[in-house]
Amino acid sequence: ALFGGTPSQISGPTGPMIVVFAGVFASLSGDVTMIFATVILAGVFQILFGVLGFGQYIRLVPYPVVSGFMSGIGCIIIALQLARLFGHEPEGGGTIPALLEVPTAMADPNYSAVGISLLTLAIVFAWPAQWGKYLPSPLVALIVGTLVSMGIDGVPILGAIPTGLPSFIMPSVSGDAFLIMMEAALILAILGAIDSLLTSLVADNMTRTRHDSNRELIGQGVGNMAAGFFGGIPGAGATMRTVVNIRTGGVTKLSGVIHALLLLAVVLVLAPLASQIPHAVLAGILVKVGYDIVDFSYLKRAHKGPRFDLVLMVMVLSLTVFVDLITAVAAGVVIAAIAYVKQVSDAQLALAAGDVDNLSQGLSDREVALLDECGDHLTYFDFGGPLSFGAAADLGHHVRERLSPQHHVALALDFGRVPFMDVSALRAIETIAQDAAHAGKHLFVCGINDAVAQSLDGMGVSDYLPAKTRFDTRFEALSAAKEWIFENIPTDDIDRRDDQSKKPITT
């Protein structure tokens with residue numbers, strides 16, 4: 001709470017971390033000293049991630065993924081509590097077992113629990129917002145529901161809560177198991193980092209603030225190191241607990257400190273009182289929490305926005321509910337990235353395929369005049385931005401189509417607006433240059449900056465773009481193209497072509 005970069009975040013053991021930790025426990029044969037040494041190493045890795053600035057990349061997660069993740073969390077919370085509203089406890093963990101228990105719970109309800117649930121739901125949903133600033137509705141529901149249940153028989157309660165503090169554990173490292181420990185620690189660190197930073201994004205969306213990702217990683221690392229020294233389970237930012245904290249007004253680091261102190265008090269002193277809280281009361285409170293998490297503000301207008309974003313959001317929501325959080329976000333980010341590459345590729349090709357009227361907006365009067373004089377003997381390509389692997393796949397085919405007519409004898413490639421090129425694009429340019437040479441087309445290139453030139457040289461593409469074909473400016477390249485056309489094409493042919501079309505073929 002004190003060292004992290006998300007003031008409203010509540011950390012602790014999470015489902016994904018517990019699953020991985022169970023695997024670590026098994027792989028190290030239950031050796032407590034090595035197991036918790038692994039937890040400490042995971043904390044060290046997380047601190048290193050923060051120092052190196054890895055946290056900044058979490059901001060690349062698109063909003064539909066965050067929305068689907070949040071809404072999925074809300075649906076999970078509600079699904080896990082439905083059977084408890086009727087006085088039944090789901091058999092097994094997870095969303096599906098909880099949903100399968102609902103028909104049984106509805107067929108054979110505990111009416112005392114149902115009454116407590118309805119009372120709790122009425123309080124949390126109907127409590128006036130202005131009162132909530134001074135007395136949060138979940139706290140009122142917790143107190144009222146617990147007091148009422150004490151006068152009713154047969155209401156399921158939490159029951160006995162373990163007490164006592166853990167002992168200090170001196171970690172140890174075995175040479176034979178060192179690689180296993182390092183691998184497990186790295187997995188725990190990465191998973192905990194992703195889990196925590198995704199929770200930070202949810203908190204940002206709810207509080208309209210911006211967290212410090214790198215500081216959050218450092219804080220999580222410090223917490224996991226401390227947990228390892230005292231035999232604690234590794235933790236991460238807990239989305240559900242964080243959302244409950246925010247919904248009840250906890251938006252500063254003090255809320256995390258109070259959360260920790262209250263847990264300590266429960267373990268040491270208040271366990272007998274907390275054991276009397278009914279499951280139905282907690283279920284009612286959590287249903288309201290889950291309802292508040294679902295991103296209704298986006299869902300109400302999603303059908304009016306891009307259809308792909310809605311599909312992406314629903315997919316992430318479904319994977320969150322029925323698979324797991326990490327898989328949902330990973331799949332969402334990958335699919336969103338592929339879609340973005342497709343959009344950028346289409347935009348790059350669209351810019352390259354612009355007509356001369358649009359193209360002329362970026363040209364000087366002298367350059368437009370040169371294009372008119374060259375007529376359709378010149379095929380001119382203006383690459384309007386970065387060339388990436390997405391556009392590279394169709395770029396060569398696009399150029400070949402424009403070069404197919406026999407009277408297109410010259411090809412001009414303008415890289416003036418290309419800040420960089422990846423390997424796929426470099427290979428595409430190499431193919432274009434080779435095809436132009438094989439087709440007997442004369443090549444003119446302009447606007448290559450130092451970064452692009454270095455890439456061309458490094459990949460050997462410069463061999464197909466000799467110095468005599470390169471020019472610093474577009475005007476120089478177009479002037480050279482005009483001069484070459486007038487020297488190598490019969491004048492009558494030029495005049496005849498110009499009469500047919502005064503516009504060059506441009507892409």
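Could you identify the single residue in Val294, Val281 that is farther than 24 Å from Pro13 by Cβ, in the same structural domain as Leu139 (by TED's automatic domain parsing) and of a type in the set (Val, Ile, Thr)? Let's see the steps before the verdict.
Numbers: Val281 fails: farther than 24 Å from Pro13 by Cβ.
None of the others qualify; the one that does is Val294.
Close contacts from the stretch 57-77, counting a first residue that is of a type in the set (S, T, N, Q) and a second that is assigned to a helix (DSSP H, G or I), with Cβ to Cβ under 6 Å and a gap of 6+ residues or different chains, come to Ser67/Tyr298; Ser67/Met313; Ser71/Leu317. Could you list all residues from the stretch 411-470 that are in contact with a strand residue (DSSP E or B) (Cβ under 6 Å, 6 or more places away or on another chain) and among the hydroxyl-bearing types (Ser, Thr, Tyr)? Within the stretch 411-470, Ser455, Thr469 meet the criteria.
Checking the condition modelled with pLDDT of 90 or more, crowded, with 16+ Cβ neighbours inside 10 Å, among the aliphatic types (A, V, I, L, M) and in contact with a Leu (Cβ under 6 Å, 6 or more places away or on another chain), which residue from Val102, Val66 passes? I'd like the intermediate steps shown before the answer.
Values: Val66 fails: modelled with pLDDT of 90 or more.
Of the residues listed, the single one that is modelled with pLDDT of 90 or more, crowded, with 16+ Cβ neighbours inside 10 Å, among the aliphatic types (A, V, I, L, M) and in contact with a Leu (Cβ under 6 Å, 6 or more places away or on another chain) is Val102.
When you scan the stretch 271-284, do you find a residue that is more than 30 Å from Phe168 (Cβ to Cβ), of a type outside the set (D, E, K, R) and under 23 Å from the mean Cα position of the chain (by Cα), even just one? No, the stretch 271-284 contains no residue that is more than 30 Å from Phe168 (Cβ to Cβ), of a type outside the set (D, E, K, R) and under 23 Å from the mean Cα position of the chain (by Cα).
Among residues of the stretch 318-337 that are over 18 Å from Gly94 (Cβ atoms), those with a beta-carbon under 6 Å from a residue that is not in a helix (DSSP H, G or I) at least six positions away or on a different chain give the pairs Val333/Val61; Ala336/Pro62. Pairs linking a residue in the stretch 426-454 that is without any contact (Cβ under 8 Å) to a residue 40 or more places away in the chain and assigned by TED's automatic domain parsing to the domain that holds His397 to a residue that is crowded, with 18+ Cβ neighbours inside 10 Å and basic (Lys, Arg), with Cβ atoms under 6 Å and 6 or more positions apart or on different chains, are Val445/Arg470; Cys446/Arg474. Return the residue satisfying two criteria in turn: it lies in the stretch 223-243 and is assigned to a loop (DSSP other than H, G, I, E, B) and in contact with a helix residue (DSSP H, G or I) (Cβ under 8 Å, 6 or more places away or on another chain), and of such residues it is nearest to Ile77 (Cα to Cα). Out of the qualifying residues, it is Ala238.
Exactly one residue out of Gly145, Gly151, Gly159, Gly87 is assigned to a loop (DSSP other than H, G, I, E, B) and surrounded by 14 or more Cβ atoms within 10 Å (Cβ to Cβ): that is Gly87.
Counting only helices (runs of 4 or more DSSP H) wholly contained in the stretch 420-507, the ones carrying 1 or more residues that are modelled with pLDDT under 85 occupy 423-438, 474-488, 491-500.
Only one of Ile35, Ile58, Ile77, Ile40 is under 29 Å from Ile157 (Cβ atoms), in the same structural domain as Asp309 (by TED's automatic domain parsing) and either in a helix (DSSP H, G or I) or over 27 Å from the mean Cα position of the chain (by Cα) (or both). Can you tell me which? Can you show your working first?
Working: Ile35 fails: under 29 Å from Ile157 (Cβ atoms); Ile58 fails: under 29 Å from Ile157 (Cβ atoms); Ile40 fails: under 29 Å from Ile157 (Cβ atoms).
None of the others qualify; the one that does is Ile77.
The values are calculated or read from the model by the stated rules, or taken from the named source; none is laboratory data. The structure displayed is predicted, hence computed values, not measured ones. For neighbour counting, all protein chains shown are included, and Cβ atoms are generated from backbone atoms with ideal geometry for every residue, glycine included.
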